[in-house]
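> One structure, as structure tokens, below. Some questions next.
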Amino acid sequence: MDTSKLERMGRRRFIENLAGIGVSATTLQYLEQDELSDVTHDPEDEMPYVAALLNSGREDDGSVQREPVYETISREEWERRQTAFNAKDQIGRYLESLPGEYRVGVTSLEASPTGFGVTVGVPETYESLDRVDTSEVEEMLPSELTGQIPNIDEDLEHQNIPVIVNTDKDNLTDGYNTNTNYEEVPAGVAISTSVTGGSLGAPFNSNEHGDGWTTAGHVVKGSPFSSGDANTNVYESSPDPEDWIGESKDGYFDLLDLDYAFVEPLKDGETPSQWIVSPDGSSKEFPIGGIVTNTALENNVGNQNYEIFGQGASSGRGSGYIDSVNGINETSSVTTTNDISDGDSGGPLFHEIGGTALIAGIMFEDVSAGAKSTTAQRVEDELGGSFLGSI
């Protein structure tokens, strides 16, 4: 496809042509016609996508301005991944018709002809209820599926994409297991509430509440599936009135993929201005500069060269790669191979580019592969706002 010809088209035809070969709506929202040749020589061979959104400034109302960072993925690689996601969507639609709650994701799998497989999990919490258990789910689902790319290439398909039912037991990583060698900084620091303990996450601008931080929803709420203001006092490492730092708002968790809350600082206190992710609090390495998009997470499943860091009050900083992304209708959580322990819930997951930390999610659960986190893009959608950084 001739990029010079595309750049001369009207905006509507430009968008229609790129959408017709599978370029995502998020990418089309940002991509200007005169930028295309700088991003890819041929979008049919190298698919452009928005990999990150960098903070570039703030509006008068405090909201965050963003600029996109583009990357490309080979057409062949994109097709293999898209057929796996199509197989995942087929399983997701079927599971929505069943009683119970399920996790559905795409993971890297060497035995698959595409290099990817579909994972289905029933959280341990649900197995104790009067619902379908994992063995019944395994009997009802096919062991393999054919994946296609609807509305893009009806003839392209990959057969024999494996479907794996996951019976692992997952654990929310709450508690007060604080690493005493870990100096507190405004990302991954120890906090406590009347519910449990955890970690304070990355700074965040809420459209409703202003500047504050994020954490995991289960750290501030005692029961899942309820939304709205959590109205829970948040303290430093111990629930002492003298250590009160703020109040949680809009906390939510569903024991599946969503687990988030906003922490509003003390009205008369000072919001930390040093929005950094630092391993020991002594340096300004990795200033927070924006977020990783869901598309980037999807396009890097199984890529061991795409390093992901997790930082929590218990474990400090660890790194790994993306094992899977999860969500029935949209990507809502990501599983990474970095370790996570009790007390790490709420800490930031991030990717580093050029010395800048891009928030990828909020950690909340220990699974067999490593750590599960609600994605940064989904957190921003649900809380209504943007992760802050050095702007």
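Coordinate-derived values only; no laboratory data. As the structure is a computational prediction, the values presented were derived from the model and not from experiment. We place every Cβ from the backbone using ideal geometry, glycine too, and count neighbours over all the protein chains shown.
> For the range 14-33, list residues with backbone N below 20 Å from a point placed 7 Å from the Cα of N151 toward its Cβ?
Within reach of a label on N151, which here means backbone N under 20 Å from a point 7 Å along Cα→Cβ, the range 14-33 contributes 14-31.
> Please report T215, T295 as a ranked list, fewest other C-beta atoms within 10 angstrom at the top and most at the bottom.
Working: T215 32, T295 19.
Least crowded to most crowded, the residues run T295, T215.
> In what order do W213, W78, W244 fall by count of nearby beta-carbon atoms within 10 Å, going from fewest to most? Walk me through the numbers before you get to the answer.
Working: W213 30, W78 19, W244 14.
Ordered from fewest to most neighbouring Cβ atoms within 10 Å, W213, W78, W244 come out as W244, W78, W213.
> Sort D381, D240 so the one with the fewest other Cβ atoms within 10 Å of its own Cβ comes first. Please list the in-between numbers first.
Numbers: D381 13, D240 10.
Arranged by neighbour count, lowest to highest, D381, D240 become D240, D381.
> Please go through the range 1-87 and write out the GluC sites (Glu not before Pro) that DSSP classes as loop and that have at most 16 other C-beta atoms within 10 Å.
Numbers: sites: E7, E16, E32, E35, E44, E46, E59, E71, E76, E77, E79; in loops: E32, E44, E59.
Sparse-neighbourhood loop GluC sites (Glu not before Pro): E32, E44, E59.
> Run the quick spin-label model on S223 and D61: label points 7 Å from Cα toward the beta carbon, then report their separation in nm to one decimal.
3.5
> Set the Förster distance to 25 Å, then compute FRET efficiency between D243 and E208 from the Cβ-Cβ distance, nearest 0.05. List each step's numbers first, then the result.
Working: r = 26 Å, r/R0 = 1.02.
Calculated value: 0.45.
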